[in-house]
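Peer 1: Sending over a structure as structure tokens; questions will come in a sec.
The values are calculated or read from the model by the stated rules, or taken from the named source; none is laboratory data. Just so it is clear, the model here is predicted, and its values are computed rather than measured. Cβ coordinates were reconstructed from backbone atoms using ideal geometry, including for glycine residues, and neighbour counts include every protein chain displayed.
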Amino acid sequence: MSKIAIGSDHVGYELKPIIIEYLKELGHEVTDFGAYSSERTDYPIYGKKVAEEVANHNYDLGILICGTGVGISLSANKVPGIRAVVCSEPYSAKLSKQHNNTNILAFGSRVIGSELAKMIVKEWLDAKFIGGRHQRRIDEMAAIEEKNDKKFESIRVSNNQKYLDK
């Protein structure tokens with residue numbers, strides 16, 4: 001099973017223990033990186049903490065919770081190597097892993113309830129990256145992240161002839 005880092009801001013604080021318990025029931029090892037109370041705090045703190053743990057390969061995957069999932073996922077995506085997705089339904093969670101090899105899942109406690117959150121988590125965890133043409137796209141995103149236009153163009157030209165601008 002996976003080692004999973006989890007974090008939330010104060011808005012996601014009440015949903016987080018439910019998800020932690022669910023992850024443990026599924027056999028995963030889980031570490032909580034905060035917030036540890038419902039006292040108002042800033043979601044970038046926890047998005048950054050979890051993302052750095054995943055990017056540094058201390059954890060296999062991450063889960064983040066805030067009001068909508070948007071702010072905390074945007075914060076996580078600022079860390080190089082992170083592909084965080086915010087999902088409010090299982091299908092997008094599944095495809096985000098299959099096509100984009102997402103390594104952090106985010107959702108909003110003001111948007112979804114605990115049972116839907118569990119369904120989303122399960123679909124995401126069960127999905128496997130399918131590679132192929134999707135790996136090329138991951139490589140292109142990595143080149144963008146590295147601000148390496150030469151690498152980006154090289155990937156685009158060598159592996160994606162039918163999409164070249166005419």
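Peer 1: Would you check if residue 22 is hydroxyl-bearing (Ser, Thr, Tyr), touching a residue at least 24 places away in the same chain (Cβ under 8 Å) and not in a loop (DSSP other than H, G, I, E, B)?
Peer 2: Answer is yes for this residue.
Peer 1: Considering only the stretch 74-131, state which residues are within 24 Å of residue 44 (Cβ to Cβ) and of a type in the set (Val, Ile, Thr).
Peer 2: Within the stretch 74-131, 79, 82, 85, 86, 102, 104, 111, 112, 120, 121 qualify.
Peer 1: Sticking with this structure for a sec: Looking at the stretch 111-124, I want the residues that are under 8 Å from residue 88 (Cα atoms) and in the same structural domain as residue 95 (by TED's automatic domain parsing) and have a partner that is of a type in the set (Val, Ile, Thr) and assigned to a loop (DSSP other than H, G, I, E, B) with Cβ atoms under 6 Å, at least 6 apart or on another chain. Which pairs are those?
Peer 2: So the pair list comes out as 111/68.
Peer 1: Quick check: is even one residue across the stretch 9-17 acidic (Asp, Glu), assigned to a loop (DSSP other than H, G, I, E, B) and either in contact with a strand residue (DSSP E or B) (Cβ under 8 Å, 6 or more places away or on another chain) or touching a residue at least 40 places away in the same chain (Cβ under 8 Å) (or both)?
Peer 2: yes
Peer 1: Turning to a different aspect of this structure: Just for helices (runs of 4 or more DSSP H) wholly inside the stretch 55-146: which have at least 2 residues that are in contact with a strand residue (DSSP E or B) (Cβ under 9 Å, 6 or more places away or on another chain), farther than 16 Å from residue 23 by Cβ and at pLDDT 95 or above?
Peer 2: 70-76, 90-100
Peer 1: Out of the residues in the stretch 125-138 meeting the condition of being over 17 Å from the mean Cα position of the chain (by Cα) and either crowded, with 16+ Cβ neighbours inside 10 Å or basic (Lys, Arg) (or both), tell me which one is nearest to residue 92 (Cα to Cα).
Peer 2: Checked the stretch 125-138; the qualifying residue nearest to residue 92 (Cα to Cα) is 133.
Peer 1: Out of curiosity, is residue 88 surrounded by 19 or more Cβ atoms within 10 Å (Cβ to Cβ) and among the polar types (S, T, N, Q)?
Peer 2: For residue 88, the condition - surrounded by 19 or more Cβ atoms within 10 Å (Cβ to Cβ) and among the polar types (S, T, N, Q) - is not met.
Peer 1: Residue check, residue 156 against (1) within 18 Å of the chain's Cα centre (by Cα); (2) among the charged types (D, E, K, R); (3) buried (at least 16 other Cβ atoms within 10 Å of the Cβ), all met but one. Which one?
Peer 2: Here residue 156 meets the rest and fails (1).
Peer 1: Here's something else I'd like to know. Restricting attention to the stretch 95-112, does a residue exist that is surrounded by 14 or more Cβ atoms within 10 Å (Cβ to Cβ), over 18 Å from the mean Cα position of the chain (by Cα) and not hydrophobic (A, V, I, L, M, F, W, C)?
Peer 2: Looking through the stretch 95-112, none of the residues is surrounded by 14 or more Cβ atoms within 10 Å (Cβ to Cβ), over 18 Å from the mean Cα position of the chain (by Cα) and not hydrophobic (A, V, I, L, M, F, W, C).
Peer 1: Only residues that are under 15 Å from the mean Cα position of the chain (by Cα) and over 24 Å from residue 42 (Cα atoms): list them for the stretch 1-30, please.
Peer 2: Scanning the stretch 1-30 gives 2, 3.
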